[in-house]
Structure formats: structure tokens, C-alpha cells
Amino acid sequence: MRFVLFTLSAVLIVALVLQGCSEMFRPLRTGDPAPQGTLPDVQGKQVVIPDAYQGRLAVFLFWEKDCPYCASEMPALEQLYQNYSGKGLTIVAVNVGNTRDEVDRIARDKGITFPVLLDRERGISRMYGVIALPMMIFVSRDSRISRKILGGMDSAALEKIIDSALSE
């Protein structure tokens, strides 16, 4: 009888642990609340995301300096930011792993005026389920995940997505 109780207890404990792990590592889905965290911008100011952009459509571009697609998207994103920021769009470049000086230089060279944040330790990237770069995650005005795009995208297609998301 003790063996049966011990075995049932062990199975129950393992099942509970596995259930907890599956919830902890469940990938973000459309409609999920956007994870909250704090990252420094290139000037060193701490920014709480997604709270800092609540009430706006926020497009988080996760990128790094050695990603050729990431760099090529920056000018198009800057143009979209200029065209749509007055309509409720914020684009946020979240650099994954590079130094502040490297990121600041790239942002200046590309003429980036939208927020640039640093995720040196990759904690926020993990929370947002970033598996490859570039990756764009759209966060709705009520701070929920509304879309995820892995890989590069041409500006015309991205503009259509932004138009649609802003009208939701």
C-alpha cells in the first residue's frame, strides 16, 4: 500500500511540475498581454515596456548589428514612423546583445528618431519569444500582442499591416 501511495504521489508531483513548466514557457500568442520589463535606451534612461507606449500601436523590432536584414529595414521603418507617429504609431528598436556605443552609432548613422532600447542580457527578448532576428512584435493600444513577424519585410507590405492595425 505504501508503494502505491508513494508512486501516486510521485506521479502527481511530476505532473504538477510539468504543468507549471508548460505554462512558464508557453509562447506568446495573439491576444496575450505583452510582457512587462524595463530596458535602458541609448541615453541610459530606463523605459518600462509596454507601459511607456500604452494607448499607441507599438511595433517592437528586435535586431542586432550583424543582421543584414535588420539594418536594411531601419530606413523604411524610420519613414513609416515619420508618416504614422501622428496617427498613434510608435516603432521601438530593441537591440539584442550589442553595446550601447555600437547601437548609438548605428542609430545615428541610419538617422533613427524612434526609440532605441538595449537588451544586452536578452531577458526581454526571451520574454517576448524572440527566436531569430529580425523579429517584429506588434503590441496593441491596450498592451496585447496583436501580431508577430519573423524575418525581413518590404515596406509596402509593412505599411499595409500598420494601416490595418491602426484602424483596429
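The values are calculated or read from the model by the stated rules, or taken from the named source; none is laboratory data. Here the structure is a predicted model, which is why all the values come from computation and not from measurement. Quick reminder, even Gly has a Cβ in these numbers, built from the backbone with ideal geometry, and neighbours come from all protein chains shown.
Just name the residue that is nearest to the chain's Cα centre (by Cα) out of those in the stretch 85-103 that are part of a helix (DSSP H, G or I) and among the small types (G, A, S). Looking at residues that are part of a helix (DSSP H, G or I) and among the small types (G, A, S), I get S85. If you go through the stretch 109-134 and keep only what is under 23 Å from R26 (Cβ atoms), outside any helix (DSSP H, G or I) and among the aliphatic types (A, V, I, L, M), you end up with V130, I131, A132, L133.
Picking from I137, I145, I106, which residue would you name as being among the β-branched types (V, I, T), touching a residue at least 40 places away in the same chain (Cβ under 8 Å) and assigned to a helix (DSSP H, G or I)?
Every option except I106 fails the conditions.
Rundown of residues vs (1) of a type outside the set (D, E, K, R); (2) farther than 15 Å from A58 by Cα, yes/no style:
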residue: S72; (1), (2): yes, yes
residue: L77; (1), (2): yes, no
residue: K87; (1), (2): no, no
residue: P115; (1), (2): yes, no
residue: E159; (1), (2): no, no
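V48 falls short of the stated requirement of being in contact (Cβ under 8 Å) with a residue 24 or more places away in the chain and not in a helix (DSSP H, G or I). Residues in the stretch 62-84 include at least one that is at pLDDT 95 or above, assigned to a strand (DSSP E or B), under 13 Å from the mean Cα position of the chain (by Cα) and aromatic (F, W, Y). Restricting attention to the stretch 25-44, the residues that are among the charged types (D, E, K, R) and surrounded by 11 or more Cβ atoms within 10 Å (Cβ to Cβ) total 2.
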